[in-house]
Amino acid sequence: MSDKPSMDKERRKWLIATSAVGGVGAAAAIYPFVDSFQPSERAKAAGAAVEVDISGMQPDEMRVAEWRGKPVWVVRRTPEQVAELSKIDAELADPNSLRDPAQFTPPYAQNQWRSIKPEYLVVVGICTHLGCSPTPILKSGPQPSVPNDWPGGFLCPCHGSTFDIAGRVYKNKPAPDNLEVPPHYYVSDTVILVGDHNKA
């Protein structure tokens, strides 16, 4: 009487066992590679929304936050600066932010203030020409490198693009678009959340 069937059973058991162990080993070896495709905690944090405390801000004051590695400027405008915004439309390349509103101006900021509240401006501090960071010149009046009737705004020192106090680019300047308004909304009267606009 042959013992071949029992040998086949034993072999089958060993094959199943070694295959199972091999499969577990392969999965364990592959896991770090698959896991490396997931965004790191640092990467997640870099894209996370950030809160900006605007309590105690004075007119003509600017606060800076970082969102996705970019500077975000929050400016509290004076009543005079807000009033001037409608008077300089003829000098601006895109006064109503119509060129590429989806990219640079969310719907709730498609107005002459480019903001939710006229008093506060929230923009990304990067020139739309070549990515330089403009210099804030918030005070109005004659100053170096800007016209004598300067109403307040931003000057990009790299190639001379100028933006008004709503981040709108002046005509005949290298920058093709207004400064970007990032997604944001007011969590309270004193806190702005930059990076999310679900509740704006």
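Site pair Arg68 and Gln110 shows an inter-label distance of 1.9 nm when each label is modelled 7 Å from Cα along Cα→Cβ.
Using the number of other C-beta atoms within 10 angstrom as an exposure proxy, rank Val75, Val194 with the fewest first. Mind showing how you got there, number by number?
Numbers: Val75 25, Val194 22.
Listing Val75, Val194 from fewest to most nearby Cβ atoms yields Val194, Val75.
Going by a ≥ b ≥ c, the root eigenvalues of the Cα gyration tensor, does the range 152-200 fall in the rounded group (a/c under 1.5), the prolate group (a/b larger than b/c) or the oblate group?
On the way: a/c = 3.43, a/b = 2.56, b/c = 1.34.
The shape class here is prolate.
Neighbour counts of C-beta atoms inside 10 Å place Lys173, Lys87, Lys117 in the sequence Lys87, Lys117, Lys173, starting with the fewest.
By how many nm would the segment from Ser86 to Ser145 grow when fully extended, if each residue of separation counts as 0.36 nm and the alpha-carbon distance is taken off?
Working: separation 59, 0.36 × 59 = 21.24 nm, distance 2.34 nm.
Full extension from Ser86 to Ser145 adds 18.9 nm.
Taking square-rooted eigenvalues a ≥ b ≥ c of the alpha carbon gyration tensor, is the range 49-194 rounded, prolate or oblate, where a/c under 1.5 means rounded and, failing that, a/b exceeding b/c means prolate?
Rounded shape, in that the Cα axes give a/c under 1.5.
The HN-Hα couplings worked out from phi for the range 181-198 by the Karplus form 6.51 cos²θ - 1.76 cosθ + 1.60 (θ = phi - 60°) are 9, x, x, 6, 7, 8, 6, 8, 5, 10, 9, 10, 9, 9, x, 8, 9, 4 Hz, whole numbers, x standing for Gly and Pro. Set the Förster distance to 30 Å, then compute FRET efficiency between Ser133 and Asn172 from the Cβ-Cβ distance, nearest 0.05. It comes to 0.90. Charges on Cβ only, +1 for Lys and Arg, -1 for Asp and Glu, centred on the Cα centroid of the range 49-194; of Val50, Thr128, Val82, which one is farthest towards the dipole's positive end? Positive-end residue among those listed: Thr128. Fully extending the segment from Gln58 to Asn198 would add 47.6 nm, taking 0.36 nm per residue of separation and subtracting the current Cα-Cα distance.
Of interest is the spacing of the C-alpha centroids, which for the range 108-124 and the range 148-197 amounts to 9 Å.
Quick note: the coordinates plus some simple rules give every number you see, no bench work behind them. What you see is a predicted model; the values in this text were computed from it and never measured. Note that each Cβ is placed from the backbone with ideal geometry, even for glycine, and that neighbours are counted across all protein chains shown.
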